[in-house]
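Enquirer: The following block contains the structure, expressed as structure tokens.
The values are calculated or read from the model by the stated rules, or taken from the named source; none is laboratory data. All values derive from a computational prediction rather than experimental measurement. Every residue, glycine as well, gets a Cβ built from its backbone with ideal geometry; the counts of neighbours run over all protein chains shown.
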Amino acid sequence: MANTLKDACAELALANRMVANEGIIDAFGHVSMRHPDNPGRYLLSRSRAPELVTPDDFIEYDLESQPARDPGVGQYSERVIHGEIYKARADVMSVCHHHCAAFMPLLATGTDYVPIFHLGAVGGIKPPYWDQHDEFGDTNMLVIKPEEGASLARALGSQWMVLMKRHGVTVAGTSVKDCVFRSIYSARNAEYQVRALTVGGSVASLTPGEAELAGQISRKTTGLMRSWEYWSIRVAKAGGVPRASKKPAKAAAKPRRLRKMRRR
Ligand SMILES: [Zn+2]
């Protein structure tokens, strides 16, 4: 495995564990990245709890969300969310899809997300809403068909976060670190916003000018790296990320039961 790909897989495994460790994703939800050597591909873990993802777990997908080779393992069903956003947005290098509890009161009521403190600016001012039912009627609410993912990507437009009514949130980033930063701080903001709404009265938003300037904090200060090292040490305290196996990823990721079945 090339060093760039090896490093990318290590970073992406840490990102999945980090976002899980911070309570943004649980058994469901995932973080992907565009392939470092091929912009027409992306990397997403095989189907497993994000808190357990290792560098060996990543499957390479084309932008139609088809695996580059038979992975021989279970795959996430909502992967078209990632593929269709990478297809629509050349500037997006990482995507996180989650169902964080902090957002659910907003998503159930269709209440707009507003940045109520400087770090909440990473979610934008009133990011777009998308409702799967508008275009597709009754579904099981999972975004599985390419046309469903494409519809979501259209709703995202040029923003960095799209709210999925009665479902969850999808966040895009210019890098894995940027995507993690946006995912965690937008969720913190949602939590504070909902708490503020329960206190009563109107919730004061940053002004568009403040949100624009505050949204640059992660790029223009050491804030992004400081946050990354903070979340990293918290993952380390929780057990860390296993090193990549020296075996080929496909063999390492294949459950014993499947290997037996394939020999039959
Ligand atoms: Zn989902």
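Enquirer: Would you pick out the residues in the range 1-57 that are closer than 22 Å to K246 by Cβ, in contact with a helix residue (DSSP H, G or I) (Cβ under 7 Å, 6 or more places away or on another chain), assigned to a loop (DSSP other than H, G, I, E, B) and not β-branched (V, I, T)?
Expert: Residues satisfying the conditions are P36, D37, R48.
Enquirer: When you check V171 against the structure, is it under 17 Å from I25 (Cα atoms) and of a type outside the set (D, E, K, R), yes or no?
Expert: yes
Enquirer: For the range 109-162, which positions are within 21 Å of A88 (Cα to Cα), of a type in the set (V, I, T) and out of contact with any helix residue (DSSP H, G or I) (no Cβ under 6 Å at 6 or more places or on another chain)?
Expert: Result: I144, single match.
Enquirer: Hey, could you check the range 90-137 for residues that are of a type in the set (F, W, Y) and surrounded by 17 or more Cβ atoms within 10 Å (Cβ to Cβ) and say which is farthest from H30 (Cα to Cα)?
Expert: Among them, the one singled out is Y113.
Enquirer: On to the next question. Do you know which of the residues in the range 2-30 that are β-branched (V, I, T) and within 13 Å of the ligand (Cβ to nearest atom) is farthest from R182 (Cα to Cα)? Spell out how you get there, then give the answer.
Expert: The initial filter retains those residues of the range 2-30 that are β-branched (V, I, T), namely 4, 19, 24-25.
Pick out the ones that are also within 13 Å of the ligand (Cβ to nearest atom) and you get 24-25.
Numbers: I24: 11, I25: 14 Å.
By that ranking, first place goes to I25.
Enquirer: Where residues in the range 148-195 are within 25 Å of G137 (Cα to Cα) and over 16 Å from the mean Cα position of the chain (by Cα), which of them is farthest from the ligand (Cβ to nearest atom)?
Expert: G157
Enquirer: Could you please tell me which pairs satisfy a Cβ distance under 6 Å, a separation of 6+ or placement on different chains, a first residue in the range 18-39 that is under 13 Å from E60 (Cβ atoms), and a second residue that is within 16 Å of the ligand (Cβ to nearest atom)?
Expert: Matching pairs, first to second residue: S32/L44; S32/H82; S32/V95.
Enquirer: Here's another thing I want to ask about it. Name the pairs whose Cβ atoms lie under 7 Å apart, with the first residue in the range 41-69 and of a type in the set (D, E), the second in a loop (DSSP other than H, G, I, E, B), and 6 or more positions between them or separate chains?
Expert: D56/A244; D56/S245; D57/R48; E60/H35; E60/A68; D62/G40; D62/A68
Enquirer: Among the residues of the range 195-236, which ones are assigned to a helix (DSSP H, G or I) and in contact with a helix residue (DSSP H, G or I) (Cβ under 7 Å, 6 or more places away or on another chain)?
Expert: Across the range 195-236, the qualifying residues are A211, A214, I217, S218, G223, L224, S227, W228, W231, S232, R234, V235.
Enquirer: Considering every residue within the range 217-229, establish whether at least one is among the β-branched types (V, I, T) and within 14 Å of the chain's Cα centre (by Cα).
Expert: No, the conditions are met nowhere in the range 217-229.
Enquirer: Here's another thing I want to ask about it. Could you please give the count of residues in the range 159-177 that are surrounded by fewer than 21 Cβ atoms within 10 Å (Cβ to Cβ) and either at pLDDT below 95 or of a type in the set (G, A, S) (or both)?
Expert: Adding up the residues that qualify gives 1.
Enquirer: Next question, about the same structure. Give the residues of the range 139-154 that are out of contact with any strand residue (DSSP E or B) (no Cβ under 8 Å at 6 or more places or on another chain) and part of a helix (DSSP H, G or I), sorted by residue number.
Expert: Within the range 139-154, P146, E147, E148, G149, A150, A153, R154 qualify.
Enquirer: For the range 129-142, state whether one or more residues are within 28 Å of E11 (Cβ to Cβ) and over 14 Å from the mean Cα position of the chain (by Cα). I'd like the intermediate steps shown before the answer.
Expert: Step one: of the range 129-142, the residues within 28 Å of E11 (Cβ to Cβ) are 142.
Retained after the next criterion (residues that are over 14 Å from the mean Cα position of the chain (by Cα)): 142.
Yes, the range 129-142 has at least one match.
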